[in-house]
Every structure is written in structure tokens, then in C-alpha cells.
Amino acid sequence: MNPFGLLAQSFAVLLALTLAPLLKGWIDMWRAWLGNRSAPGLLQPYRVLHKLFHKESVLADTASPLFRLAPYAVFGCVLLACAIVPTLSTDLPFAPAADAIALVGLLALARVFMALAAMDIGTAFGSLGARREMLVGFLAEPALLIVLFNASLITGSTSLASIVETLAHQQFAIHPSLAFAGIAFALVSLAENARIPVDNPATHLELTMIHEALLLEYSGRHLALMEWAASLKLFAYAGIGLALFFPWGIAQAQSPAAMLAALPLLGLKLAIGGLALALVETLSAKMRLFRVPEFLATAFLLAVLGLLVHSLLGD
Amino acid sequence: MNDGRLAGLLAIDVILIAIAAWLALALLGLVFLRQRAMAARVLFPLGAAVGLLLGTGALWGLASGPQVAVLAIGLPGLPFHLRLDSLAAFFLALLGFASAGISLYTGGYLRADDDTPPGLFAFGYLLFLASMAMVLLAADAYAFMVMWEVMALASFFLVIANHRSAETRSAGFLYLLIAHLGAIAILLCFGVIAVKAGDYSFAAMARGHLSPFWASAAFLLALLGFGAKAGVLPLHVWLPEAHPAAPTPVSALMSGLMLKTAIYGLLRVSLDLLHQPQWWWGALLLALGLATALYGVIFSTAQTDMKRLLAYSSIENVGLIFAGAGLALLFRAYGMDGLAALALTAALYQAASHAFFKSLLFLVTGSVLHATGQRNLGHLGGLIRTMPWVAWLAFIGVLASAGLPPLSGFVGEWLLLQSFLFTPGLPNGFLNMLIPVVAAVIVLVSALAGYAMVKFFGVVFLGQPREASLADARDARLLERAGLVWLAALSVALGLVPTLVIQAIDPVTRLLVGAGLGAAVAKQPWWLLVPTSVERASYGPAVFLVGGLAASAIAALLVHRLYHARLRRAAAWDCGHPWQTARMQDSAEGLGQPIRQIFEPFFRMRRELPDAFDASPHYRVEIEDHFWHGLYLPIARAVEFLARQAGRLQQGRIAVYLLYSFLTLLVLLLLVGR
């Protein structure tokens, strides 16, 4: 591991840390504009985080150490996931430590921590949220993995860096299996990031909330970490999507110039992606919870269909 | 160490000494029949030490070549042939190391109010261990079957240790029945192979050449026989009955280790004795394994009894191991030995990690049961506050069982998925198309396993206690803790250093499929697992753990440095609802509800829902296995019918019986005369 690799890796992590709330702010801004409201400003998520860190944490009497540990564990897991996803460069020293399967496992670990922490207090809403989160998880997680397998079968590798390198070097070719995988991935990322047809991050409505129900008992710095982790997770998903479906422009050598050149392109892709997400969220209505399994089963089956198409048509 | 001897001893001698020591301790148990202190303080801790000795000997045997021994016991002129090769050594190592933890725990677990005297329990327990070791060492069909039966009987008597309850007795009977069905199938399987080979020793059987028809017949019989022991669909029904009935250490032994002897037997027969597998064997094993895994995991999420939940989860794990073995057979049949080695390594890794984490989880339920007297999830909750040791060790087991990185369960799944991603190279177009669907089932199973484990841990250890009596639950005692810590440590170690474990598995896959991952893995540093090439896939769990811990620790440090980090305790908020009771938490039934809804066809459900105007509403749901009503009960009814018909022969008059004898004689004479 050379010093430049270490530097590049830290830069990627810091970039994820700073860009993630910005992405959230960008999406919130567009959501407000598209909904004909005045927007809170691009930097609002930072202000919220700052405010929450300053507040005192109120801990329920019944909370066990697991509850206090969970925000740090979740934050660590998601940050690690961001470090693994090749957003700027494929040649990072951390990349070999985890491939696509391990990445999904890492996100699952974060989810398990969140669900357990929500059950820890022993309130009605907490365990309700945990149950719903695990319900979304056990359907979304396999779907995400199968999406990644679609790319793996094309590139012959489960390492994300290799996938990006192979896909970006190919002639511009449309893989039919990737088209199925793309739709499936869009559905999964809506569900996994608590976005509108599945969940609404802006409300605390008892009947429907999933993600917010998990965080109900958190406050102060713990809540800040959880919120930050949520925006990092969105960033990681954006990174996965870009790596699989728009891999062009990601640096493939350890040079500062290549990484700096990749930066504006990444910003552009994220901006477009965020706008698209805001559009989807504005145009669609929240589903009933009982419909969510169908929604995710669709994603799962589409991804499996992609695999079948791949094995039918070959490369 | 020129010829593999250390102080004049071979690895197989060390293992035989360990087995003899177990038997000697078992006899001591009979001598001190009613002295609990003797069993708890001496027999079980010594049994654990012997387990360590056996495990070490097996590891040594894994590294050295095959060794043979002949034991002059049994019938005159029919000695037991024993052989320690790498396959046996691998499973012996699991047996030694996992049983060490379980025995240690059992020392602290024995209580005064058990039905069976402690000495007798120790006798059965140690005999069970010794017979499992002998099953793994056996090198002829005769020794194997004798030891297999000793194992089945010893475990049967352990299952019915609390024989005063009728439920336990009927569970034990069911277990015995299925175990013997399996034993008959195994005997027939060996018979088919031995007749063609002309000898019943494994070495001769492996040399014999069977026609494809007889080889397939032998394989199917082996699948039936070992499948019954492992709990493969539809022979899984004894597991969820026997585990809740058995004392906890026995559940742990049966689930963690005895199931592995079935895996061992299946691998021995299908890859060693019948060395030319056909592709459809692998496909069948794969399909059966996946069906079992999916069925097991779906049922485990819907259970409300801790041990039943874990029993179904064991069925799931066995299914995954079978799927890996099936894939290995498939690759082997097509001569793709490198890939067969990958799939087999995945299956063996699963088997190893399951031996440790499932033993750990079963033992945890034993501690909870002793501390609270409850096995029903609906009466538990909040134990992390009163039993922190058990809870945090269970947490490790739960993460491993859910297949989450960086623990042991994940490595097996990772390897299994890797081998599935390689399958498009198979020269069978139909299989190539089906295999991705199969991979989809595997990831669904592992995600559902996460659900089941969150349910298990969340309901037992988190939340508010659902009964007032749980407030004075006591944490596990010292010996219990030691056993749990040992198993948890092995689960973590197996997760963190997969490279070393895979190098240990290498001789096994070399023996069975003629290739191994050891060389490819050894090229990389110990912290990076690369089964084939770096471009293809790599996984570094140790880096993973360090990275995750560092990220969490730095976050914690920064938050506490940069901000004031004040904390206040208050009542839970719960959206401002003022009256909260423990009954408002999600119950085990509630957590199972989404699964019951989504996978409804899997269950046979009976629901009683309250009316909207009921003064005292009652909700009741009963879940049953389709196999009971679709398969077992019809068979039982048919057997009863036949028995009744046969009963008509019994007239009770001596003249009629003399007539029967006369007729029989006549028929025999006719047959002989022809």
C-alpha cells in the first residue's frame, strides 16, 4: 500500500462524508420546488446535523448498551460501504477487501443493527419499524445482490473495481440483462433508501413509517449519526448505480489528475441522478405497506429475469 | 517427525487415545451415578479437555497422510478397520473443538431436578461423542454401521433424558423411527456397493466398478439414509420435535455435530466410494438442498419456540451445505475439478461454521431456559439487561448465523455464491439457465435467515421483559460462560482467517475431487481471501473488521471531542404515547406475520380471529407442516390399517395356528421340490 493510495482512499471517504448530505439537500430542494413549495436551501442537511450534534441526547430508561452502540456501528458500516464503492477511482487500496457480495453483506449488517436497536427500547413503534425494515430488507437485499450478479456474469468478476473497469472499456453496447437489472436496481434503491413509493422520509405517520419508526427513540448526536448514515447509504447506492450503469469517467489509475478529472463528472452524474429521484418521488404516491412485498418481488424477479436473459443470449 | 510420528505416536493413535479416554470417563459416570458434582466438576471438564486433544490430533492428521489401524473388537475374525484420511480428520477436528465448548458448558448446566441421574447422562453423552468419532474413523461398512447405530441409540436416550413428559417420549420415538429408516437405507447402500466390490471395506468398495444403474441406486439409498439423519426434506420432521424435547447440550451436539456425520457420510459415499458421479446426482442434491433450505428458513421465521426456531434454522443450514455438495458433484461429473473444489470448500466451510455457531445458539437457549424456565418467545424479552454475558455471546452467534460479515457464516455463503457465479461454464445448457435462479434462491434464503435471527435475538434479549419474573433472571455460571466464549471465539476466528481454514480444507478437496484452493489462497497474504484471482473476487474480513471498527471509533471520538456529548435518561418517547406496557411490543407471532402472509402456501395454518365486538377477544394461529398431513399421517394410517388386517390372522385358537404351520410347511416343500 503506497502513500498515494492511502491518500486517495482517505480522499474518497472524506468526499463521501461531505457530498452525502449535499446530495440529500439537493434532492430535498428539488422535491420542494417540484411540489411548488419554497426550498429549505441546499445546505440544510448540514445545518440539521450541526444542530443535532449540539443537542443533548435523551436516552430511554430501558435502553441497553446495544442501543448506544448501534449509531456508531451503523455509521461505520455505511462509511465502509462508501469506501468500497468506486465513485472516483477503481484503484483504491481498500477495494480488494470487499467485493459486491461483501458490500451487500455490509449493508445488511447495518440494517440488522438498526432493527435490533429499534427493538431494544421495547416500544410498540420500535418493534413495528424493525419488523417492517426487515421485511423490506429480506426482499431488497437478494434483489440487489442479483442485480450485482448480472454485472458479474457480464464481466466475470464480483469485484466492483473490475466490473467498472470492464464495463467502461467495452464498446458502447447495450446488454439486455443490464436493462432488466437497471430497472430492478431503481426499484430496490427506492425501497432501501426509504423513498416515496415505499416509505416517506418526511413524515412520522404511524401507519406507514418504516425508516422513521426505527429512529423514533434516537435524539441528539445519535440521531445525527443515524441521519448522516442514511444519507451516506443513499450516496453509496448512487455510487453502485453509477458504477454499474454509467461507469464512464471513473479514474482507473492512481493519479491525482485522473481523480480530479473524475470529480466534476461525478458531480454532474449525481446532480442528474438526484433530480431524477426527486421527479420519481414527486410523481408517485406512497404505496400501502402490504403492496411493498409485491413491489420488491417485482424487482427481485426482474433481476432474476436479467440473469436468465444473460444465460439465454450469452455475452 | 520423519514418518509422521511424534513421541512414537501417529495422529490416529492420539485420536484413539482420546476416544478411549471418553469411554473411560463414560464408565466413571456409571460408577458415580448420582453424584452431580462429580459429573459437573470432573467428567464434563475432562471430556472437554479430551475433545481438545482429539481436535488437535485431527488437525495433525489433516496435515499428514492417511493412516490406518485395526481394532480387534467386534466378532471373532471381523475386526474394525479404522482409517484416518483428510475427510475424516476434518470432521473429527470439528467434533473435537466444538464438543470441547459444549462439554465445558454442560459442566455448568447440570441441575438437580433432571429426570436422568447426572452420571447416566454423562455416560450417554460421552458414549455419543465417542461413537460419533468412531463413525468418522470407520473404514469398513461393518464398523460404520455398528457405530452409526450406537450413535443413534446413545442420542435417542439423551433426547428422552427428561422422559417423564409424554411429549418428550413421542419426540424421541419419532427420532428413533426416522433414524432407523435412514440406517436401513445406508445398510442397503453399502450392500449394493459391497456386493459388486466383493468386500465390505471402504478401500475395496472404492476400487469396485459399478454399472451406472447400481451406482445410482447406491447414491439414492445414501441420499435417503444420510438425508434422514441430516434432516433433508421430507425427512426433516424429527428435528423440530427432538430439539425442544432434548436437554440443551444434546440439542447442541445433535445439531452442531451429529448432522455433520450425515454430511460426512454422504460425501464419503458419493465422492469417495462411488468415484464417478453422474450429473443428475448433483442436480438432485442441489434441488433437494435448496428446497430444504428455503423450507427451513421460512418455517424458522414463523416459530414461537426458541429451540424450534433454531431447529428449523439448522434444517436451512443443512440445505445450504447439501446445495454446495450438489454443486460440487455436478462440477465433478463434468470433470471441472477446480470448480468442484470451490463448491466443496464452500460446503465444508458452511459445515464448520455451522458446527460452532449453531452449538453456541442452542447453548444460549439452554442458559435462557434455566434462568427463566421459558422456551416460548412470547414470555421472554429484555434479557440483555439481566444476562449480559449470554446476550452478547448470543449476538455473535446470531450475526454468524445470519451470514453477516465479518463472521463465519458469511464466508461459507460467499464461497457458495462465488461457485454459482462460475457455473455458466457447464456444458449443459439447461442447467446453465437454471443455475442463476438457484443463486437467487440462495440469496433469498440467507436474507430470510437474517430475519429469523433478528427475530430470535430481538424477542429474547431486547425490548422490555414480557413477564415480571424475568427481572430476576441470573446470568450463566462460569463454566457455561467458558463454553459459550470458546464457541463464540471460534465463530469469530473462522470468520476472520478464512485463508488458514481453507488451507486446512485443501487436503480434503484434493482427496475427494482431486483439486484444492490451498495453492491459490496461499499466494495471497493471510488477511485476503482470493479463491481464484484478484480480478475475479477477493474478500478481506480482517481488513473489514479493522476498517469498520476504526470508522466507528473515529466517529465516536470526533463526536465526543467536538461536541459536548451530554446524555440524559428519560422515559421512552414512542411518539408521545403515555401508556406503554411490555405487551405492546411486537410479539414473536407478530414478527412472523409478514412471512406467513408472503409465503402462505408453505404453511398449513389454522386461524381464529376475534370478532370486532368480542368482549374478550382471542387470537389464535396454529402453524403446521404440510408434510405431516400430506405424507406422514397417511403413511401412519396405512400402516395401522395393514396391521389391523394382519391382526385378523391371530385367532387365538391353537388349531388355527397349527394350520398356519402346516400351510407354511407345504408352501416351503413346494418351493424346495421344484
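The values are calculated or read from the model by the stated rules, or taken from the named source; none is laboratory data. Model, not experiment: these values are computed from the prediction. All Cβ positions, even for glycine, are placed from backbone atoms using ideal geometry, and neighbour counts span all protein chains on display. Note: areas computed on protein heavy atoms with side chains; ligands, DNA, RNA excluded. Shrake-Rupley method; radii C 1.70, N 1.55, O 1.52, S 1.80 Å.
A:Thr87: under 27 Å from A:Val198 (Cβ atoms), among the polar types (S, T, N, Q) and more than 9 Å from chain B (Cβ to nearest Cβ), yes or no?
For A:Thr87, the condition - under 27 Å from A:Val198 (Cβ atoms), among the polar types (S, T, N, Q) and more than 9 Å from chain B (Cβ to nearest Cβ) - is met.
Looking only at region B:63-92, which residues are open to solvent by 10 Å² or more (accessible area, probe 1.4 Å) and in a helix (DSSP H, G or I)?
B:Ala63, B:Ser86, B:Phe90
Condition (residue is under 26 Å from B:Leu462 (Cα atoms), under 44 Å from the mean Cα position of the chain (by Cα) and surrounded by 10 or more Cβ atoms within 10 Å (Cβ to Cβ)) applied to region B:630-650: is it met by at least one residue?
No; the residues of region B:630-650 include none that is under 26 Å from B:Leu462 (Cα atoms), under 44 Å from the mean Cα position of the chain (by Cα) and surrounded by 10 or more Cβ atoms within 10 Å (Cβ to Cβ).
Kindly evaluate B:Gly381 against the criterion of being in contact with a Gly (Cβ under 6 Å, 6 or more places away or on another chain), at pLDDT below 90 and assigned by TED's automatic domain parsing to the domain that holds B:Gly450.
yes
For the structure I just gave you, tell me whether B:Gly514 is at pLDDT below 85, on the phi > 0 side of the Ramachandran plot, more than 7 Å from chain A (Cβ to nearest Cβ) and surrounded by fewer than 24 Cβ atoms within 10 Å (Cβ to Cβ).
Answer is yes for this residue.
Within region B:1-59, which residues are crowded, with 24+ Cβ neighbours inside 10 Å and more than 30 Å from B:Pro507 (Cα to Cα)?
Within region B:1-59, B:Leu25, B:Gly29, B:Ala39, B:Leu43, B:Phe44 meet the criteria.
Condition first: of a type in the set (A, V, I, L, M) and facing another protein chain (nearest Cβ under 7 Å). Now tell me which residues in region B:589-601 satisfy that.
Residues satisfying the conditions are B:Leu591, B:Ile598.
When the residues of region A:16-32 are filtered to those that are open to solvent by 50 Å² or more (accessible area, probe 1.4 Å) and in contact (Cβ under 8 Å) with a residue 12 or more places away in the chain, which remaining residue is farthest from the chain's Cα centre (by Cα)?
Result: A:Trp30.
Just checking, how many residues over region B:453-496 are among the small types (Gly, Ala, Ser), within 13 Å of chain A (Cβ to nearest Cβ) and assigned to a helix (DSSP H, G or I)?
Total meeting the criteria: 3.
Could you list, in sequence order, all residues of region B:566-588 that are without any contact (Cβ under 8 Å) to a residue 40 or more places away in the chain, open to solvent by less than 50 Å² (accessible area, probe 1.4 Å) and more than 7 Å from every other protein chain (Cβ to nearest Cβ)?
Hit for region B:566-588 is B:Gly576, nothing else.
More than 14 Å from chain B (Cβ to nearest Cβ) and under 22 Å from A:Val58 (Cα atoms): is that true of A:His222 in this structure?
no
For B:Leu478, indicate whether it is open to solvent by 10 Å² or more (accessible area, probe 1.4 Å), under 22 Å from B:Ser99 (Cα atoms) and not polar (S, T, N, Q).
yes
If a residue has to be part of a helix (DSSP H, G or I), of a type outside the set (A, V, I, L, M, F, W, C) and more than 23 Å from B:Arg604 (Cα to Cα) to count, how many in region B:278-299 make the cut?
Adding up the residues that qualify gives 1.
In region B:606-629, what count of residues is obtained for those that are open to solvent by less than 100 Å² (accessible area, probe 1.4 Å) and more than 27 Å from the chain's Cα centre (by Cα)?
Qualifying residue count, region B:606-629: 7.
Matching residues to (1) assigned to a loop (DSSP other than H, G, I, E, B); (2) within 20 Å of the chain's Cα centre (by Cα); (3) without any contact (Cβ under 8 Å) to a residue 12 or more places away in the chain:
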position: A:Ala213; (1), (2), (3): no, yes, no
position: A:Glu227; (1), (2), (3): no, yes, no
position: A:Gly241; (1), (2), (3): no, yes, no
position: A:Ala253; (1), (2), (3): yes, no, no
position: A:Ala262; (1), (2), (3): no, no, no
position: A:Leu279; (1), (2), (3): no, yes, no
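Of B:Leu462, B:Leu434, which residue is surrounded by fewer than 24 Cβ atoms within 10 Å (Cβ to Cβ) and more than 20 Å from B:Ile598 (Cα to Cα)?
Going through B:Leu462, B:Leu434 in turn, the sole match is B:Leu434.
Can you spot a residue in region B:328-335 that is buried (at least 24 other Cβ atoms within 10 Å of the Cβ) and within 22 Å of B:Ala179 (Cα to Cα)?
No, region B:328-335 contains no residue that is buried (at least 24 other Cβ atoms within 10 Å of the Cβ) and within 22 Å of B:Ala179 (Cα to Cα).
So B:Ile396 clears everything in (1) under 30 Å from B:Ala333 (Cα atoms); (2) open to solvent by 20 Å² or more (accessible area, probe 1.4 Å); (3) of a type in the set (Val, Ile, Thr); (4) within 20 Å of the chain's Cα centre (by Cα) except one condition, right? Which one?
The number of the failed condition is (1).
Take A:Phe180 and decide whether it is part of a helix (DSSP H, G or I), under 20 Å from A:Phe245 (Cβ atoms) and open to solvent by 20 Å² or more (accessible area, probe 1.4 Å).
Considered against the rule, which asks whether it is part of a helix (DSSP H, G or I), under 20 Å from A:Phe245 (Cβ atoms) and open to solvent by 20 Å² or more (accessible area, probe 1.4 Å), A:Phe180 comes out as yes.
I want to confirm something. Restricting to region A:134-155 and keeping residues that are within 7 Å of another protein chain (Cβ to nearest Cβ) and under 18 Å from B:Ile435 (Cβ atoms), which single residue is surrounded by the most Cβ atoms within 10 Å (Cβ to Cβ)?
So the residue we want is A:Ile146.
Would you pick out the residues in region B:593-616 that are in contact with a Lys or Arg (Cβ under 7 Å, 6 or more places away or on another chain) and part of a helix (DSSP H, G or I)?
Selection gives B:Pro594 alone.
Do we have B:Tyr142 as under 23 Å from the mean Cα position of the chain (by Cα) and among the hydroxyl-bearing types (Ser, Thr, Tyr) here?
no
Quick one: count up the residues across region B:132-146 that are part of a helix (DSSP H, G or I) and buried (at least 22 other Cβ atoms within 10 Å of the Cβ).
Total satisfying the criteria: 9.
Could you grab me the full set of residues in region A:81-110 that are β-branched (Val, Ile, Thr) and out of contact with any Asp or Glu (no Cβ under 9 Å at 6 or more places or on another chain)?
A:Val85, A:Thr87
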